[in-house]
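Data first, discussion second: the structure below is written as structure tokens.
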Amino acid sequence: MKVVIIGGVAAGASTAARLRRLDKDIEIVIFEKEQYISYANCGLPYYVSGEIESKGQLLLMTPQLFNERFQIDVRIMCEVIDIQTEHKCVMVQDHQHHTSYQESYDCLVIATGSSPIVLPVDGHQHSAIQQLWTFDDFDRIKQKVLKEDIQNVCIVGGGFVGIETAENLRQLDVHVDIVERSPQILNNLDFEMVQPIHKHLHQHQVQLYLKTELIGFEDVEGQIKVNTDRFEKVYDMVILSVGVKPQSELAKKAGIACNSRGGIIVDQYLQTSIPDIYAVGDVIEVEHFINHQKTMIPLAGPANKQGRILANNLAGEHQSYLGSLGSSIIKVFDMAAASTGFNEKQLQAQGLQRHQDYEVVIIQQKSHAGYYPNAMPLTLKAIYDHQLHILGAQVIGYEGVDKRIDVISTVIQLHGKITDLKDLHIAYAPPFASAKDAINMLGYVAENIENGMVCLMLPDEYQIQKEQVITLDVREDEEREHMWIEGSSHIPYGQLVQRYQELDKDKTIVIYCAVGVRAYNCARILMQRGYKKVYVLSGGLSFYLDYCFESL
């Protein structure tokens, strides 16, 4: 059997290597239109700053190594320009030797990935504009910064790669502005969870222009002027990172079924609508693991898993791809932000509503035992339905973010419930966690909500009701001297049992402390004394103040 693979980065290379490990006799040919294969593209932003020092560290495999180790024929700078399904062959343009030829196949794998969206605005072809996509793109940006005295850069788009590139340019003392037309960056997070990240970027002198629409670009004596609906400014360089689309033109031209967004439609075995043609990676439509609806999730983890599963199928070991969960994480200077499953924006886009269809828990904990040095704040958000199934989660903080999101992701994949988190046996020692880990606390709070022991009010809900409720600060006097919510009443936790009658039983009372623990205890004091409308401000004062942060 002869297997031809179009695309040699994540999914394509993974398919090829696994297939060879399963069968020594299959003929495998990879066509890659660029000059590099199987490189670590997720590490490219860190190559710009020198955090990753050399290209060689990112080049996981070369065509020569693929041939020596796996007896796989890798042809770089060779672009497949046509698939002739009736003849089971592809037409190839060899850019190195300026020739064209035909290659036959028994099975064809399309692993063409995705490509950057190009904004249709005036001046988008200016020489000072760079895309964030290939190895060469990042190498070109690095060389320009180092050799051309680049002082200020505008990044258009606030997704993962744009934010990572902003951080790494700041490491080189380049001034960075980010233009994003949405009210926030990192759309995998909900607004209240991304606000601390906005604030953190501001503290590192990355200027965010949110809710800002790009109009076009103009040349100004070799520099480039960025025109938006809010400002005009001249930069040394502009970097575009506004999103990706599936690179499925070849498939469409060959009559392979695609969805409305261009994603190739595949079955559970990753076969397309045409026999003996398969597709994997960013180019395909996948099933979401939670609601089983079709979606697009262009991430390296799923791409590599699909490659392995497809290789199993090609070798005769039938295996289904069970869907993508969309788990992701990003480093933003000293912080990290992670998510898994759905966020609230995505649920609401499906017609679901908070309280009516799902509930939300937000808590703030320490990354490890508070008495051990350097414990850092850790904020967790979980979303669950009325059967207690976890629909999604987000975690932000300075330490231990990856550990917590991975635990929740695993529980979702094993069809666990939100209350199962309280029973997990998390490894504990003071430098790593608390005896009741933040994951356990998420389960405890959800259980308390379900049992009527506590009601949480999220920052956006409080912002709407703020003028109609009694806001009660239960922190100590010295804490209140530094910051407080304007208009709030103040009864320290230790005095509430004696002074609770100062509060109107008929009013809604929202209690806050630093992170929420004392507020919960005070809510129980009031609820046990007949107060019916008592809420805890979810996440505490520091989280609420971050929620209120405003960028430009």
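The values are calculated or read from the model by the stated rules, or taken from the named source; none is laboratory data. Every value quoted in this text rests on a predicted model; they were computed, and no experiment measured them. No Cβ is skipped: glycine too gets one built from the backbone with ideal geometry, and neighbour counts run over all protein chains shown.
Descriptive notes on the structure:
- Considering Ile28, Ile52, Ile83, the condition of being of a type in the set (Val, Ile, Thr) and either under 25 Å from Lys144 (Cβ atoms) or in the same structural domain as Lys142 (by TED's automatic domain parsing) (or both) is satisfied by Ile52 alone.
- Lone qualifier among Leu472, Leu526 - being more than 30 Å from Val179 (Cα to Cα), modelled with pLDDT of 95 or more and part of a strand (DSSP E or B): Leu472
- Evaluation of Gln102 against the conditions (1) within 30 Å of Val156 (Cβ to Cβ); (2) assigned to a strand (DSSP E or B) shows that the sole unmet condition is (1).
- One residue stands out in segment 22-43 among those that are without any contact (Cβ under 8 Å) to a residue 40 or more places away in the chain and more than 20 Å from Gly316 (Cβ to Cβ): the one that is surrounded by the fewest Cβ atoms within 10 Å (Cβ to Cβ), namely Gly43.
- Lone unmet requirement of (1) in contact (Cβ under 8 Å) with a residue 40 or more places away in the chain; (2) under 21 Å from Gln350 (Cα atoms); (3) not assigned by TED's automatic domain parsing to the domain that holds Cys258; (4) not hydroxyl-bearing (Ser, Thr, Tyr) for Gln319: (2)
- Taken over segment 532-552, the residue count meeting the criterion of being in a helix (DSSP H, G or I), under 24 Å from the mean Cα position of the chain (by Cα) and not acidic (Asp, Glu) is 5.
- Boolean, Gln394 is in contact with a strand residue (DSSP E or B) (Cβ under 8 Å, 6 or more places away or on another chain), of a type outside the set (Phe, Trp, Tyr) and in a strand (DSSP E or B): yes
- Candidates in segment 474-501 are the residues that are acidic (Asp, Glu) and surrounded by 11 or more Cβ atoms within 10 Å (Cβ to Cβ); of these, the one that is nearest to Tyr520 (Cα to Cα) is Glu476.
- Out of Leu65, Leu19, sole residue that is under 18 Å from Gly307 (Cβ atoms), without any contact (Cβ under 8 Å) to a residue 24 or more places away in the chain and either outside any loop (DSSP other than H, G, I, E, B) or not assigned by TED's automatic domain parsing to the domain that holds Ile256 (or both): Leu65
- Considered as a group, the residues in segment 488-522 that are among the small types (Gly, Ala, Ser) and in contact with a Ser or Thr (Cβ under 9 Å, 6 or more places away or on another chain) include one that is nearest to Val536 (Cα to Cα), and that residue is Gly516.
- Cross-chain or 6+ apart pairs with Cβ under 7 Å, segment 97-117 first and at positive phi and of a type in the set (S, T, N, Q), then surrounded by 14 or more Cβ atoms within 10 Å (Cβ to Cβ) and in a strand (DSSP E or B): none
- The strands (runs of 3 or more DSSP E) found wholly in segment 229-308 and carrying at least 1 residues that are surrounded by fewer than 17 Cβ atoms within 10 Å (Cβ to Cβ) and in contact (Cβ under 8 Å) with a residue 60 or more places away in the chain occupy 232-235.
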